[in-house]
Each structure stands twice: as structure tokens, then as C-alpha cells.
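The values are calculated or read from the model by the stated rules, or taken from the named source; none is laboratory data. Treat the numbers as computed from the prediction; the structure is a model and nothing was measured. Backbone-built Cβ (ideal geometry, glycine too); neighbour counts: all protein chains shown. The accessibility values were calculated without ligands, DNA or RNA, using every heavy atom of the protein model including side chains. Shrake-Rupley method; radii C 1.70, N 1.55, O 1.52, S 1.80 Å.
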Amino acid sequence: MELGTIQLFSGIAIVCGALVIIAFERVSPYNRGQAFFREGFWLDFWWYTLFQSFLLGLLISELIYWIDSVSGLSRYEVVSDWPIWGQLLFFLLTHDLYIYLFHKAQHHSKFLYRFHEAHHSVKDVDWVAGSRSHPIEILINQTIEFAPMVLLGAHPAVPVLKGAISGIWGMYIHSNINMNTGIMQYIINGPEMHRYHHAISDVKAFRKNFATKFAFWDWIFNTAYLPQHQKATEYGLGYS
């Protein structure tokens, strides 16, 4: 499949993913009564999701290709002989571990948290809330996300596919959906755990649930919090 076709289908997948998540938020909401056009919705949608993401995407691309022009690392094509699915899985796992560790560090460092608190300032967590992030945080995380793919010689489709997965997953884990995935929540992360990470109504959720795509990082490193009979009800800036 040509790269242009993969890019097209990835874009369609993100839009369709958003529509499916929005539909489930209406049918089975976690916090009932939460307005669709809640406070800060348009800020998150226009500024963070579209405008800031577009500008930073251009900047990060230029930065990565500048790094490659200076270092010449991509010419070694370290992973180019791997199957595309193997490359994708490798970068999904390694970047997700990085995100877990960096995210945890942000909540344990007053300096780093200054660049993360914008993400926690949203008072109603939903499908678009995950895009609210400080530009420095995005610049760091997405450069570290995409630079290794370019520098290690990944297939051009891999960054496109990973970007689509990251986009959909970011909407999913922040969605206002009442989920119960059972044993899968020990492996794959979802809103049923991540909403507690944003909660300020439960002190036991303080500095818990840092994982993004793979929940097993939290279970392995003993930072998981998943109460059985208590809902997260209040979000926003509180505990770091």
C-alpha cells in the first residue's frame, strides 16, 4: 500500500475513532450530565487539537530532519529490515515505557510539573481533553516519539500508523465512557483507570495511573489504582 493511501486511511481512522468515542460518551457516560460543549471545549478543540498540533507538528518534523542531517543516523537503517508490524510494535512499546517514566517524573518534580499542569487544568475530562498540553511538553514527547523512527530507518508508514494510534488512544483514555474491560485493564489502558489519574476527589488516586497505552507499566511498577465501587467525580488542578 502506498504511503499516501496509508496517510489517508490513518486520517479517516482518527475521525471515525473520534465519532465512535463521542457516540459512546452519549450512550454510556461515566459522569452523567457532563455537557458535550463543556467549559473549555472550544479552546481544547480549536487551539490545542487543531492549531497547536499543526504548528508543533511542522516544528518537530523540521527538528527531527535537522538532527538527522547533522548525525546521519538514518543511513544505518537499523530497523529497516524488520517487518512493518515489528517496527510498529517496537516503537509503541519503547515510547510507551518512556512516556510512563517521564509522566511519573513530571508528577514528582515541581519543575517538570509546571509543563504538565495545563493538561490537568481541564475540569471535565472527555474525548478532546487529552489534547490540552503545554507546547514544551508536546515538543519534548513527540520529538522523542518520532525521532527514533526516522533516525533508526523505520518504514515511512510507521510514523503515520503510530501517530494515528496515539491520536485515537489519547481520545479514548480521556473519554467520558463508562467502561469495564475486566482483565484487559491489566494489559491495555483505558478511561476506567486514566480518569482516576485526573481525579482530585480521591486522595488515593494521587500519583497513580501514569500509563498511556499499556496499563501493565502501572501494575509492574506498583502505581496502579482501580477501585471497584468508587467513581472519580471531580477533576482539575489539585494534587501534583
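For this structure, a couple of remarks:
- For the chain, adding -39500 (n - 2.57) for each run of n ≥ 4 DSSP H residues and dividing by the number of residues yields -17000 deg cm²/dmol at 222 nm.
- Accessible area in square angstrom per residue, the range 1-121, 1.4 angstrom probe: 63 Å²
- Highest mean first, the peptides 91-101, 17-27, 33-43 sorted by other C-beta atoms within 10 Å per residue fall in the order 91-101, 17-27, 33-43.
- Taking Cβ atoms as reference points and 10 Å as the exclusive limit, the residues near Gln230 contribute a net charge of +1, counting Lys and Arg as +1 and Asp and Glu as -1.
- Cα gyration tensor category, rounded, prolate or oblate, for the range 57-132 with a/c compared to 1.5: prolate
- Kyte-Doolittle at least 0.0, axis length at least 18 Å by Cα - qualifying DSSP helices, the chain: 3-27, 53-71, 84-108, 135-151, 157-174
- Remark: the Cα gyration tensor places the range 1-44 in the oblate category, a/c being 1.5 or greater and a/b not exceeding b/c.
- The range 182-239 and the range 91-146 have Cα centres spaced 15 Å apart.
- The stretch between Thr94 and Val20 holds 23.8 nm of extra length on full extension. This uses 0.36 nm per residue minus the Cα-Cα distance.
- Between Leu58 and Gln34, residue separation times 0.36 nm minus the direct Cα-Cα distance comes to 5.2 nm.
- Net charge contributed by nearby residues that have their C-beta within less than 9 Å of Gln34 (K/R +1, D/E -1): -1
- Where Cα atoms sit under 26 Å apart: lysine pairs in the chain separated by 8 or more or lying on different chains: 20
- Computed label-point distance, nm, for sites Tyr186 and Leu50 using a 7 Å Cα→Cβ extension: 4.4 nm
- The Cα atoms of the range 1-88 give a gyration tensor whose axes a ≥ b ≥ c have a/c of 1.5 or more with a/b greater than b/c, which makes the shape prolate.
- Calculated accessible area for the range 201-240 comes out at 56 Å² per residue, all protein chains present (probe 1.4 Å; ligands, DNA, RNA ignored).
- Residue (of Ser133, Thr94, Val78) at the positive-pole extreme of the range 63-190, dipole from beta-carbon charges: Ser133
- Percent accessible area from carbon and sulfur atoms, the chain, protein chains only, probe 1.4 Å: 68 percent
- Ranked packing of 64-71, 163-170, most packed first, by mean Cβ within 10 Å: 163-170, 64-71
- Taking 7 Å steps out from each Cα toward its Cβ at Lys123 and Trp42 produces label points 1.7 nm apart.
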